[in-house]
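See structure below.
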Amino acid sequence: MIVAGQRLPILVATRPVDFRCGHQALALIVQNTLRLDPHSGVMVIFRSKRGDRLKILVWDGTGMVLVYKVLEQGKFAWPKVQDGVMRLSRAQCEALEAARFEASVERAARQHEQAVVAEKEAFIAELKELVVTLEGQIQQYRRAKFGPKSEKLDPAQLDLALEDLETAIAETEARIAAVEEKIAASTLDPEKKARRKPRKARALPEGLPHVERVVEPDSIACPCGCGDMVRIGEDRSKRLDCIPARYQVIVTVRPRYACPKGRAGVVQAKAPAHLLEGSWPTEALLAQIAVAKHSEHMPLNRQSLVMARHGVPIDRSVLADWMGRTGALIAPVVERMTVLLKTGGTRLYVDETTAPVLDPGRGKTKTGYLWAVLRDDRGWGGPAPPGVVFHYRPGRAGENADEILDGFDGTIQVDAYGGYTHLAKPDRKGGKPLALAFCWSHGRRKLIAARPKAGSPIVDEALARIAALYRIEAAIRGKDAGLRRTIRQEQSRPLVDKFFAWLAAQADRTSRKSDLGKALHYMLRRQDGFRLFLDDGHVDMDSNLVENAIRSPAMNRRNALFAGHDEGGRNWARFASLIGTCKLNDVEPYAYLRDLFTSIATGHLDKDIDALMPWAYAAATKTSQ
């Protein structure tokens, strides 16, 4: 590398050269014509035929450097000598050195600018590829929402695709910021440098522990010699850290005491109560395993691998044994919660989802069902706390609904599945006939699924009319049931009457065998159930709440594939009930299960089981804070 101020032998070639020559051709001229070694470190200056441009060739020890310079102050006065080479005066050398240094700076700036441009072009090409990828993912989403059933994607696949999409967007934003910084750095004019927009920071949870680390300068001695500088302020920045899970062995020591003279018996503290007597896990570990499986959707085989990675090799079958025994112990809590949900109100949400179960006799899987019964009166400001209970049953037949809803009288919000219709008949077993309120979201989805690819004005009009009803519902959510009924009678009933009259007119013009005709008649045949919300302020327009609650067990089902047997399905339902109710009451599932297991171990189950409900835990937690 050539350093400013470095002493170099400089020679000037008085004969002009063709300025199309590059560094290799000029090096040959130095070697063959001037009889000099071009790699000796000598600097040779060439002029153009018009004498208004210079080229300087020099070997800097690592490569051949060629500098190009246009003379700005007229033609250079070349010495008249016959041998073609002469030494320059000191003034001429200083002028040439200044010109060479300025040219090297300009060349470095041009090279940097060219590198930035090349990187921008490569980045643009990558962005084009990313656009193609994102367009493909958008097409997948469209097929998932509007395509035929055979083309629809599994929700788990959609979640993975969404993660990839979000990751790609974040990576692209980071790369754009890096390129912008390089472009700004390559701008010679400081005033023209683009100011980088500060990244909007997200607020970190306030309840996390904060660990301060103060970074001091290497020296605070004042350059003026007055002593140490004084602190006038500080800058703070926050980052989120993680401490990996740490397993430990708790050794319980119970000393025995006796009279030194042998006059009394031995005194020793009682052994602490354990949820699983004779087993290793603490109640906290059992809670962590249960939450990881049923809330974070991590099957036991994966948990076993994670524990082995932390130096705790426990087989999956051992974890399954722990969960099975724990599930049996929490059964009374779930059974009590079932009773409280059915007797604490007059309106419930009901839905069901499949739960594949291994059939040992055939070596295959059979289809079981998780039935969800949910209470949530927050929509009309009811005092009862929300809760959900899942019931595993080997089938979807109507008698399962009879058994699950035995003892409940009132209204159930359902998706118009035929297995519920007999519950509204006078000969219903287990109580009075139930009122069936059908889900408008379900009817809306039927219409969307029936919309042809080319579009349908009928479907668009139907969706617009339903949207008007939902706008009214949004305005009265959380209001008193009486007020909700009054507003619905005044505002919603006229819209519903017009909707079904219009729907009947469209159905008369549409083939019953077409998908659209089936969707129209689906709502027309069940309009009594769709109208029920108008006369009861306790009832919502849809059963979306129970559908949302049932998604977590459904996700667990996809990750675990199936339960091992029917009892495994019931165990699954118990944990899903407790964790689902925790989420409805804004209770952290791990903390609740840990304390619940401890309470069961210490015999609290027989003292006050109602105090073990998740909503009671939520109230106690708020009181203690």
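The values are calculated or read from the model by the stated rules, or taken from the named source; none is laboratory data. Since the model is a prediction, treat every value here as computed from it, not as a measurement. We place every Cβ from the backbone using ideal geometry, glycine too, and count neighbours over all the protein chains shown.
Only a single criterion out of (1) on the phi > 0 side of the Ramachandran plot; (2) without any contact (Cβ under 8 Å) to a residue 40 or more places away in the chain is not satisfied by G478, namely (2).
Out of all the residues in the range 513-533, is one or more farther than 26 Å from T346 by Cβ, touching a Leu at 6+ places or on another chain (Cβ under 7 Å), among the polar types (S, T, N, Q) and at pLDDT below 95? No; the residues of the range 513-533 include none that is farther than 26 Å from T346 by Cβ, touching a Leu at 6+ places or on another chain (Cβ under 7 Å), among the polar types (S, T, N, Q) and at pLDDT below 95. For the range 580-595, the criterion of a residue being at pLDDT below 90, surrounded by 23 or more Cβ atoms within 10 Å (Cβ to Cβ) and either β-branched (V, I, T) or touching a strand residue (DSSP E or B) at 6+ places or on another chain (Cβ under 7 Å) (or both) is satisfied by no position. Assigned by TED's automatic domain parsing to the domain that holds G345, free of Cβ contacts under 8 Å to residues at least 40 places away in the same chain and either surrounded by fewer than 19 Cβ atoms within 10 Å (Cβ to Cβ) or not basic (K, R) (or both): does that describe E473? So E473 fails the test. All told, L447 meets the bar of being of a type in the set (A, V, I, L, M), under 30 Å from T510 (Cβ atoms) and out of contact with any strand residue (DSSP E or B) (no Cβ under 9 Å at 6 or more places or on another chain).
Taking the range 362-420, which residues are hydroxyl-bearing (S, T, Y) and farther than 25 Å from M523 by Cα? If you could, list the steps in order and put the result at the bottom.
Kept after step one, since they are hydroxyl-bearing (S, T, Y), are these residues of the range 362-420: 365, 367, 369, 392, 411, 417, 420.
If the condition is that a residue be hydroxyl-bearing (S, T, Y) and farther than 25 Å from M523 by Cα, then T365, T367, Y369, Y392 are the ones that fit.
Give L96, L134 a once-over and let me know the one that is closer than 29 Å to L34 by Cβ, at pLDDT below 70, assigned to a helix (DSSP H, G or I) and not assigned by TED's automatic domain parsing to the domain that holds V58. I'd like the intermediate steps shown before the answer.
On the way: L134 fails: closer than 29 Å to L34 by Cβ.
Going through L96, L134 in turn, just one is closer than 29 Å to L34 by Cβ, at pLDDT below 70, assigned to a helix (DSSP H, G or I) and not assigned by TED's automatic domain parsing to the domain that holds V58: L96.
A residue that is assigned by TED's automatic domain parsing to the domain that holds L503, modelled with pLDDT under 95 and either closer than 19 Å to T338 by Cβ or among the aromatic types (F, W, Y) (or both) cannot be found anywhere in the range 534-542. Of all residue pairs spaced 6 or more apart or on separate chains, those with beta-carbon atoms under 7 Å, a first member in the range 102-118 that is closer than 22 Å to K55 by Cβ and free of Cβ contacts under 8 Å to residues at least 60 places away in the same chain and a second member that is of a type in the set (K, R) and surrounded by 12 or more Cβ atoms within 10 Å (Cβ to Cβ) are A103/K69. Scanning the range 593-625 for residues that are of a type in the set (K, R) and within 30 Å of the chain's Cα centre (by Cα) yields R594, K622.
Every residue in the range 1-19 that is in a loop (DSSP other than H, G, I, E, B) and at pLDDT 80 or above, please. Don't jump to the end; show me each part of the working.
Taking the range 1-19 as the starting set, the residues that turn out to be in a loop (DSSP other than H, G, I, E, B) are 1-9, 14-19.
Matches in the range 1-19: R15, P16, V17, D18.
Taking each residue of the range 14-31 that is within 14 Å of R50 (Cα to Cα) and among the hydroxyl-bearing types (S, T, Y) and looking for partners that are surrounded by 14 or more Cβ atoms within 10 Å (Cβ to Cβ) and modelled with pLDDT of 80 or more with beta-carbon atoms closer than 8 Å, six or more apart or interchain, yields T14/R47. Does L534 satisfy the condition of being within 14 Å of W380 (Cα to Cα), surrounded by 14 or more Cβ atoms within 10 Å (Cβ to Cβ) and touching a residue at least 12 places away in the same chain (Cβ under 8 Å)? Yes: the conditions hold for L534. Exactly one residue out of D427, D377, D415 is touching a residue at least 40 places away in the same chain (Cβ under 8 Å) and either over 26 Å from L612 (Cβ atoms) or surrounded by fewer than 17 Cβ atoms within 10 Å (Cβ to Cβ) (or both): that is D415.
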